[in-house]
Structures are given as structure tokens and as C-alpha cells.
1. Sort out which residues of the stretch 45-66 are within 16 Å of ligand 1 (Cβ to nearest atom) and outside any loop (DSSP other than H, G, I, E, B), and write them in order of number.
2. For the stretch 110-129, what are the residues that are acidic (D, E) and in a loop (DSSP other than H, G, I, E, B)?
3. Yes or no: V130 surrounded by fewer than 24 Cβ atoms within 10 Å (Cβ to Cβ), more than 16 Å from ligand 2 (Cβ to nearest atom) and β-branched (V, I, T)?
4. Scan T173, T146 and give me the residue that is touching a residue at least 40 places away in the same chain (Cβ under 8 Å) and within 21 Å of A82 (Cα to Cα).
5. For the stretch 187-214: of the residues being of a type in the set (K, R) and within 16 Å of ligand 2 (Cβ to nearest atom), which is modelled with the lowest pLDDT?
6. Which condition number does V224 fail, the rest of (1) under 29 Å from V30 (Cα atoms); (2) more than 10 Å from ligand 1 (Cβ to nearest atom); (3) surrounded by fewer than 19 Cβ atoms within 10 Å (Cβ to Cβ) being met?
7. Hey, could you check the stretch 41-68 for residues that are away from ligand 3 (no atom under 16 Å from the Cβ) and of a type in the set (G, A, S) and say which is surrounded by the most Cβ atoms within 10 Å (Cβ to Cβ)?
8. Considering only residues of the stretch 189-214 that are assigned to a loop (DSSP other than H, G, I, E, B) and surrounded by fewer than 20 Cβ atoms within 10 Å (Cβ to Cβ), which is nearest to ligand 3 (Cβ to nearest atom)?
Amino acid sequence: MTRLVMKFGGTSVADISRIRHVARHVKREVGLGHEVAVLVSAMSGETNRLIELTRDVAALHDAREYDVVVSTGEQVTTGLLAMALQQEGVQARSWLGWQICVRTDGAHGAARIDGIDTAMIEERMAQGQVAVIAGFQGVGGDQRITTLGRGGTDTSAVAVAAALNADRCDIYTDVDGVYTTDPRIVEKSQKIDRIGYEEMLEMASQGAKVLQTRSVELAMVHDVRLQVLSSYLDPDSLDAEKLPGTLVCSEDEIVEQQVVSGIAYSRDEAKITLRQVPDKPGIAADIFGILADAGFNVDMIVQNITEDGKTTDITFTVGEADAERAVNVLKARAQPGEFGDIQADKNVAKISVVGIGMRSHSGVARTMFQTLAEKGINIQVISTSEIKVSVLIESEYTELAIRALHTAYGLDAD
Ligand code: ADP
Ligand code: ASP
Ligand code: MG
């Protein structure tokens, strides 16, 4: 018997008719004799609405109460899907994070899963009952509700699949797989049939939100194969032996490898520049120490060469939502004289080209810089890893840059 985890995102459960459609997908798998656990997100737009409510009460609110509020969207959809399954004649019950229980650390708003007790759901699944589990939520050490960060239901699904030792983890979404870039921006983007964990991890962490970064990390560690496919398909049209979409799997399973596999982008960036920074040992350690202690995730960093041998500029990026707070923390905590002026600029976007082939091929960065130059797009910051090159550009050029790069690396569909 196959044990299966299915995950449905926000647009897939956006209204009652979509939820009924999801129930048909689940019914199909149950009909094939599989044991099934389903993870659901909140209806699309609902989590944003809940976040707005918390902001309306107070800009600086208690993160524990924030989680109590924003986790509720998933409670609604688990109950509704369990009902819709029962209407289809499928045995099902809902499970909230605390009920099964999904244990997390105490990082409210961005909690990490420590473990899942699957005994109860395994018992029910063995009796033919579908477990409909609320994604995105867990319970911290102090018994308080936690959430896993935006897009966290992907991670819930992979964690449940790993804990259940599931044979498959199918991620149903509103696109029919992982594409060479966001298909909403580049019409000529192509669906990728198979992508390795490492490349998918880099794509996700650089902004391709089709899978939450942490979910890919977990899948890689626990060797969970992910099939990404569209929930819009007609369940009756699916081939039980071979599902459509994209398989995220180990690199060894991929025969043909491109030099550049995809292009990711993120508009959720802010650039912070410190001027008149004394050019001497210890200053960078101090500045980035302050940011780390305050919990900021700093991404790209450049330090310019000094013109006068005395002072320099340091530029780095943080998430857009963190910009003001990072500036305030630095102003409050840095030693006098560690920098002169400080500026934040949110009008930036990060574009990344990703490909495992970069390990063995040169010239990828050059093609990127040349292509952007031909379009008159200025590069503000650059960062690289073994399998990606990222640049920070003015945000108004985001789409132009992605399209031009997609063509330059030969990724356009015919
Ligand atoms: P869900 O609600 O199902 O979790 P998301 O909105 O989180 O769905 O993720 C799916 C979206 O990810 C797509 O609608 C698409 O716009 C976006 N996306 C960004 N990059 C890619 C990519 N490379 N391939 C596929 N989709 C992508
Ligand atoms: N509902 C949550 C969000 O919108 C989790 C998810 O959709 O995966 O971020
Ligand atoms: Mg998502």
C-alpha cells in the first residue's frame, strides 16, 4: 500500500467549488487504495487579511498573539475539506497543528518544526480515514501556537511526509510545475520535468515562491521526493503511474543537466548603505554583529574600496519589511563614529540565475552582466555562490531583466 501526502495551496482551496474539486483529487487517490494525509493552506488572500488585522491593532505587536490570529485561516479549510470529503463518501477528519502534534521551536512567525507525533493519525489512516491537517501551524515549547513563515504549508507537508515515511509528497498548486522562471512574468518560460534538490533550494531561496525554501531543505535532508503539479487538472484525467508536473529529487536522478536551469527574482529587498565607515579592522564585525543579534537576515554585502585610505562605504541588503528597523537598530547601537550617514532604499529587486552546471562552466556571470548592460540596467550589488549569481537592480527593471536573461541563457520555449 502506498502512503501519500497531498498538499493544496491557497488558490486551490480559494472557495467551496475549489474545495470540492480538491476533494475529488483526494478521493481519486483513496480509490486507488492509498493511505492519504492532506495538508491545506488558508483560502487565498485570507492570511494577508489576517496579517492586516494584526497590523491595524498595533504595528509592533506581540508575536505570540500574531500567530494565534494568522494561523486561523488553515483551521477553516481543514474543516471544510473534511466535510467535502465526507460528502464524497470518503472518511475524513480534520487535525490542527496542536492536535497531532506538530512541535516547533519558539520563533513565532518563522518557527521551525522539531518533530511530529504521527501515532494517532497513522492509526486512523490505517482504518481508511483521510487525515486533513492544517498547514503552516504548530505548537511551541510553551504550548503556544506558532506559524512557520509565509508559504509554510509546503514545509508542513514535507515534514508530515518525512514523519510518516510517505512514499510520495504531491504539492498541488496553481501552476502545473516548476518553471524556468515565474510563468506569470515570462510567457515563454518552460516547465522543468525534473529538478535536483540543490537547484530547487537555490531557486526557492532566491525568490521562486512555488515552494517554501525550508520545505526543499527538509525534503533534501529526509530524501522526500516532491511532485509539483496543478490542482486545476481534472482528477479523472490523471495517470496513476505517472503524474504530470515537476519532480524535485536527488541530482543523481537527472540525466540531462543545463548550465543555467532557472531565473528567480525577489522584490522583497531593501538596500542599506553606510557612508564614512572608518577603514580599519573590527568595524564590519561590529556592524554585522549588531544586526545578527537583532535577528536580521543580511543577504548581499559589498564594501567599497577606500578613496582616501581612511573611510569607506558598506552596502548590504535585508528583507524589505526589516529596512526601517535595521536602520534604527544600527543608529541606536553602533559605537559613535562607526559610520557617518545611513540610507535605506526599497526600490530594488534581486535577480538570480541558478544552475548546477556553473560548477563546471565559466562565463555565466559574464553573460548576465553583458545582457543587463545591453538593456541599460545598472547593477548595484553582486553576490555569488557555487551554483548562482545574483544582482541587485532598480526594481522597475525587474521584468525587463528577467525576460532578457531568460532569452540570453536559451531558456525560452520555441
Ligand atoms: P500555493 O498557494 O499553491 O502555495 P504559491 O502562490 O505559493 O502557491 O506558489 C505558486 C506561484 O509561484 C505561481 O503562481 C507562480 O506565480 C510563482 N512562481 C514563482 N517562480 C516560479 C517558478 N519558477 N515556477 C513556477 N511558479 C513560480
Ligand atoms: N496560509 C499561509 C500563507 O499564506 C501558508 C501557506 O499558504 O502555505 O503564507
Ligand atoms: Mg505557497
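The values are calculated or read from the model by the stated rules, or taken from the named source; none is laboratory data. Predicted, not measured: the structure shown is a model, and the values here were computed from it. All Cβ positions, glycine included, derive from the backbone under ideal geometry; neighbour counts span all protein chains shown.
1. As a first pass, look at the stretch 45-66 and keep what is within 16 Å of ligand 1 (Cβ to nearest atom): 45-51.
Matches in the stretch 45-66: E46, T47, N48, R49, L50, I51.
2. D117, the sole residue that qualifies.
3. no
4. T173
5. So, considering only residues that are of a type in the set (K, R) and within 16 Å of ligand 2 (Cβ to nearest atom), the one modelled with the lowest pLDDT is K209.
6. The one condition V224 does not meet is (3).
7. In this case the residue turns out to be A63.
8. Per the stated criteria, the residue is K209.
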